[in-house]
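Chemist: Handing you a structure now.
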Amino acid sequence: MNSNGIQTKRDIEKKGTWLLFSIEGRICRKTYVIFLLIVSVGAVVLSFFEGATINIKEVNDAQIMYLILMFWPSVAVQAKRWHDRNRSALWVLIIFIPIVGVIWTLAESCFLRGTPGPNEFGPDPLLKEVIKG
């Protein structure tokens, strides 16, 4: 931030880099859901332009590239959400349990509030938003 308390372009770039590439820290539900929506809309738009198919076994090169590009940012964002719930980033692996893993991840990440106040992974992201606002 500059001396007037206004975020500079560099501050915004650093925050975006932290959000997408670092597994340290915490994020609130709102940030997590916005990320999910952006990734989902990107996948739908890509499918629309690349010729959507109902057959899940048919994946084109553009879809594979999108999956590869979004893999680490998705892991980083999910890890920060688990940190907000005061859980290790290893909880990201629960997604690999068929059906139950997806339901558990969505329930904890989208519907349950993070740990109030600071925890071992950092300060409460909601308190930061209140202080800034």
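Chemist: For region 79-92, how many residues are part of a helix (DSSP H, G or I) and closer than 13 Å to GLY114 by Cα? Give the derivation first.
Modeler: Just the residues of region 79-92 that are part of a helix (DSSP H, G or I), to begin with: 79-84, 89-92.
From the residues that got through so far, the ones that are closer than 13 Å to GLY114 by Cα too are 79-84.
Residues in region 79-92 being part of a helix (DSSP H, G or I) and closer than 13 Å to GLY114 by Cα: 6 in total.
Chemist: Identify, by number, the condition in (1) assigned to a loop (DSSP other than H, G, I, E, B); (2) at pLDDT below 95 that LYS128 doesn't meet.
Modeler: Condition (1) is where LYS128 drops out.
Chemist: OK, next. Exactly one of (1) in contact (Cβ under 8 Å) with a residue 12 or more places away in the chain; (2) assigned to a helix (DSSP H, G or I); (3) not polar (S, T, N, Q) is unmet by ARG26. Its number?
Modeler: (2)
Conditions tested, residue by residue: (1) surrounded by 14 or more Cβ atoms within 10 Å (Cβ to Cβ); (2) touching a strand residue (DSSP E or B) at 6+ places or on another chain (Cβ under 6 Å); (3) farther than 25 Å from ARG26 by Cα.
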| residue | (1), (2), (3) |
| --- | --- |
| GLU58 | no, no, yes |
| GLN63 | yes, no, yes |
| ALA79 | yes, no, no |
| ALA107 | no, no, no |
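The values are calculated or read from the model by the stated rules, or taken from the named source; none is laboratory data. Nothing here was measured: the structure is a model prediction, and the numbers come from that model. Using ideal geometry, Cβ is built from the backbone for each residue, glycine included, and neighbour counts are taken over all protein chains shown.
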